[in-house]
Amino acid sequence: MLRKVRLWISKKAAGDMDLDIAGNKTVSEAELHNTMASILLADILKERRSERRWKLFRRFMIASFFIGGAVLYAMFYTSTLGIKVNIFERFKEREPELAVVRISGTIGELVTADTLIPAIRSAFEAKTTKAVVLQINSPGGAPGDAERIGSFVREMRLSSEIPIHAVIEGIGASAAYLIAMETDSIYAGRYSLVGSIGAVLSAWEAHQLLDRIGVQQRTFSSGELKSMLNPFAPPNEEGNAKAQSLVDEMGEMFREDLMLARAKKLTSGIDYGTGEVWNGVVAQEIGLVDEIGTIESIQSKYGLEKLRVYRPFRPYSFMRMMAEWAQDMGMALPWIAEGYSYELR
């Protein structure tokens, strides 16, 4: 600041200052103060502008960091769902792929029709898909979800030119096999477990425990069989007979669907409705499986080196996690559970 004032005084002394009585050039005190104020204001404005530029640059860098991270996360997340994001895709030739949809865990719990059907649809609609594979490792589960998934698989198989196969890894039983038999062909590993054609209806009995602690439940129903599987009441023969009749009917429906889907491949004289499972080799011999192989076998069949996994989309939230935790707790405690359900296992 002092240097600037001296520089200004030297410039004024060069020719634009007033003369005193002796003829010397002078600078008035007011003019000096005004000059110093002007220089100070200019410095403040300059510092403010510099500080503002730095703030804008810092905000830009922070925003770029978070936006870049969000973009990378979105690309990673969409890739886990089987959605490929590549802005340069249009400039290069796209390679054919084997589309893989995984069915892992209990159907109706870990795998539902609402989450799996969109994944199968995305696999068929992808332009790079040459074949679709259902990679199955499931003991079965809810027949309602399995029926919806199987019907959609059959619809896509009949309406699309893209083949669809099932590969059983580990276990493909009951409701999981109900889905697999709707594909063009079924592959299974030699050490896999296949079958369990049938239905299961289960209910808890907690009335003896309640009797010991002196607790009773009063139930009013509109019919004799309305509460036949009430865990708080002792079972009766009529209710047991009705429950067994339901299970037999569901098991027979499953067996008929099997005969309809694979009639030409099944071996005569085999009772497929016993609920038992077979290893992959025996399952092939009796017609439940077409070929012994793995997902690599299908890759070799179509000459595909590249595969893409289409995972079921299942949004998570804190409230949903707490609700599922509460539901699991309720299922673990039979004395607070209500109703009943049957499964294909």
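Figures for the structure shown
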{"item": "Cβ crowding within 10 Å averaged over residues, with 121-131, 101-111 ranked highest first", "result": "101-111, 121-131"}
{"item": "Packing-based ranking, highest mean first, of 165-172, 48-55 given that Cβ atoms within 10 Å are counted", "result": "165-172, 48-55"}
{"item": "Exceeding the 23 Å Cα-Cα cut-off - candidates 127/306; 127/301; 264/306; 127/265", "result": "264/306; 127/265"}
{"item": "Burial order of peptide ranges 296-303, 112-119 (average beta-carbon count within 10 Å, highest first)", "result": "112-119, 296-303"}
{"item": "Residue-level accessible surface for residue 73, protein heavy atoms, 1.4 Å, Å²", "result": "140"}
{"item": "Of the chymotrypsin sites (Phe, Trp or Tyr not before Pro) in the range 126-199, those whose Cβ has at most 12 other Cβ within 10 Å and which sit in DSSP loop", "result": "191"}
{"item": "Local net charge near residue 160, Cβ-Cβ under 14 Å (Lys/Arg +1, Asp/Glu -1)", "result": "0"}
{"item": "q = 0.24 Å⁻¹: log10 I(q)/I(0) that the Debye formula gives for the range 245-300, counting C-alpha atoms only", "result": "-1.01"}
{"item": "Residue 121 versus residue 42: modelled label distance in nm, points set 7 Å from Cα along the beta carbon direction", "result": "7.0"}
{"item": "Fully extended contour minus Cα-Cα distance, from residue 50 to residue 285, at 0.36 nm per residue", "result": "76.4 nm"}
{"item": "Around residue 148: net Lys/Arg minus Asp/Glu count, Cβ-Cβ under 12 Å", "result": "-4"}
{"item": "Amide N proximity, the range 97-140 versus residue 202 label position 7 Å along Cα-to-Cβ, cut-off under 17 Å", "result": "105-111, 138-140"}
{"item": "Fully extended contour minus Cα-Cα distance, from residue 94 to residue 252, at 0.36 nm per residue", "result": "52.2 nm"}
{"item": "Förster radius 41 Å - calculated FRET efficiency between residue 238 and residue 157 (Cβ-Cβ, nearest 0.05)", "result": "0.40"}
{"item": "Loop sites in the range 232-284: trypsin sites (Lys or Arg not before Pro), DSSP, at most 16 other Cβ within 10 Å", "result": "264, 265"}
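The values are calculated or read from the model by the stated rules, or taken from the named source; none is laboratory data. These figures come from a predicted structure and were not determined experimentally. Here the Cβ is made from the backbone with ideal geometry for all residues, glycine too, and neighbour counts use every protein chain on show. Just so you know, the surface numbers come from the protein's heavy atoms only, side chains and all, with ligands and any DNA or RNA stripped out. Shrake-Rupley method; radii C 1.70, N 1.55, O 1.52, S 1.80 Å.
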